[in-house]
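Working notes, beginning with the structure itself.
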Amino acid sequence: MSSVVIYHHDPIEVDLSTSWTGLCPALQSARQVKITEVTDRNVTALFDYARPDAVITVDGKPAVSVEQTRMNPSGHNIPQRFSSQLWAAELGVPSILYYPEYARRTFSDPNVRYLQVRVPMAQLRVTRTFEVPTLSVFWPTNSRTKLPETGQAAHREMADLVNSLVTQASDLKSIRQLPEVKRALERMGQVVAHYASRYRPNRSVRRLCPEGFSSAWVPTGVSVDPPEKVKLLETEAFIGSFAAYSALAGWPAAADVLRRRSLTLLLTGTTNKDGTDSEHPWPGYLTLIDVLYARSDGGRRPKDRAVNLVYRLPVPVDTFLKRANERVPPTATCIVDTFADLLWLGGGVAGRPLRGDAAASALLTQ
């Protein structure tokens, strides 16, 4: 008999008496362990971008990584979780993001919010690229209250999918053919088609790409643009805006790297309350923008891009450098240092990676 373990962030989220886990026959005898106490590198390897809410292992090997939330589906809580799913796919581990397709936030707020459609779009692209199921499963919404369902019986779809992934964990190829996985992917496609037309064109994108990004086309004939927080620029024009750096050591080489691609996506993040790092969801959103818009077809690494990806954050360069070279860099710092072709920080710019780079102190500053 296989040994199954559920590593969890919050015990209530995997409580057999109340959560979807209680509907999974394969989990009834599973051992439960706090995810902060895990030491097995097979599991902790999944934490390298961001730690998920739960990981289920079979005989010591991860069978599925899970993120789940009942929060506002249109808010920042959803895209910030994308990075952990991307990393799971890179490691060959199926992953699920369990959240409402639509819901009210509270009883006092009558307005229904809808999902951020770029999330399932990016998940579908990850699934095609890595041939690993990277899924959205939609937390049921009560038809009367328009709030997320809390009764255990409502979560049968999630339970059946996880049960199948756990029982078939030894054969990744067969996992992609599971009826439950196929249904989840089909449902994601339906949701994308339904909501894609709600999104307004991004003016900077349509100025340079009148038809939008081909990677973000959906079968209904619509291309979903990045949000207005993201700007698409001609690379030469972007480099020209840093003319003051032209005589500084390192800038010519950084500019030459950017010139390999004619277009550049610029995402501007906001700082945390301490002004030392990125606020959520921007690091996770950076990974989503990379996958959905910047990556070449089939690109498995951040370097496999058709378009540059620059991240702007008004954190002092010295502060960012110090955090990037801590023994264990903060998650947000690590993600943006991994994914940005160029970091535009307070007082200067820097090529990545900064972590472990003995010459990283030679940042371009005025």
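Could you work out the helix-only [θ] at 222 nm for the chain, with each DSSP H run of four or more residues adding -39,500 (n - 2.57) and the total divided by the number of residues, to the nearest 500 deg cm²/dmol?
Using -39500 (n - 2.57) per qualifying helix, the result is -8000 deg cm²/dmol.
Name the residue, out of V137, V328, V336, whose mean-square fluctuation peaks in a Gaussian network model built on the chain with Cα pairs under 10 Å.
Sorting by GNM fluctuation, first place goes to V328.
Choose one of S108, G92, V33: the residue whose Cα lies farthest towards the positive end of the charge dipole of the chain (beta-carbon charges +1 Lys, Arg; -1 Asp, Glu; about the Cα centre).
After comparing all options, I get S108.
For the stretch 69-175, which GluC sites (Glu not before Pro) are both in a DSSP coil and crowded by at most 16 other Cβ atoms within 10 Å?
Working: sites: E90, E101, E131, E149, E157; in loops: E101, E131, E149.
The qualifying sites are E131.
When the Kirkwood hydrodynamic radius is evaluated over all pairs of different C-alpha atoms of the stretch 148-237, what value in angstrom, to one decimal, is obtained?
16.3
If you rank T319, T18 by fewest surrounding Cβ atoms within 10 Å, what's the result?
Ascending Cβ contact count within 10 Å gives the list T18, T319.
In a shell of Cβ-Cβ distance under 14 Å around V222, excluding V222 itself, what net charge do Lys and Arg (+1) and Asp and Glu (-1) give? Mind showing how you got there, number by number?
Details: positive: R118, R198, R200, R206; negative: E211, D225.
Surrounding charge for V222 is +2.
Ignoring trypsin sites (Lys or Arg not before Pro) that are buried or in helix or strand per DSSP, and keeping those with at most 14 other beta carbon atoms within 10 Å, what is the longest stretch of the chain between them?
That gives 1-143 as the longest site-free run.
What is the dipole size for the stretch 4-196, taken about its Cα centre, with +1 at each Lys and Arg Cβ and -1 at each Asp and Glu Cβ, in debye to the nearest 20? Before the final figure, lay out the partial values.
Values: 21 positive and 19 negative charges, 108 e Å.
That gives a dipole near 520 debye.
Could you tell me the relative contact order of the chain? Use alpha-carbon pairs under 8 Å, at least six residues apart, and round to a whole percent.
On the way: 684 pairs, mean separation 47.8, N = 366.
Once normalised by length, the contact order is 13 percent.
Hey, with R₀ at 45 Å, roughly what FRET efficiency would R31 and T271 work out to, going by the Cβ-Cβ distance, to 0.05?
According to the calculation, E is roughly 0.65.
How long is the gain from K61 to Y114 if the chain were fully straight, where each residue apart is worth 0.36 nm and the alpha carbon distance is subtracted?
Roughly 15.6 nm would be gained on extension.
Dipole of the chain, Cα-centred, from +1 at each Lys and Arg C-beta and -1 at each Asp and Glu C-beta, to the nearest 20 debye?
Dipole of the chain, to the nearest 20 debye: 740 debye.
Distance between the C-alpha centers of the stretch 227-273 and the stretch 1-69? Whole Å please.
Centre-to-centre distance over Cα atoms comes out at 41 Å.
Each value in this text was obtained by applying a stated rule to the coordinates, not by laboratory testing. Bear in mind that the values here come from a model prediction, so they are computed numbers and not experimental data. Quick reminder, even Gly has a Cβ in these numbers, built from the backbone with ideal geometry, and neighbours come from all protein chains shown.
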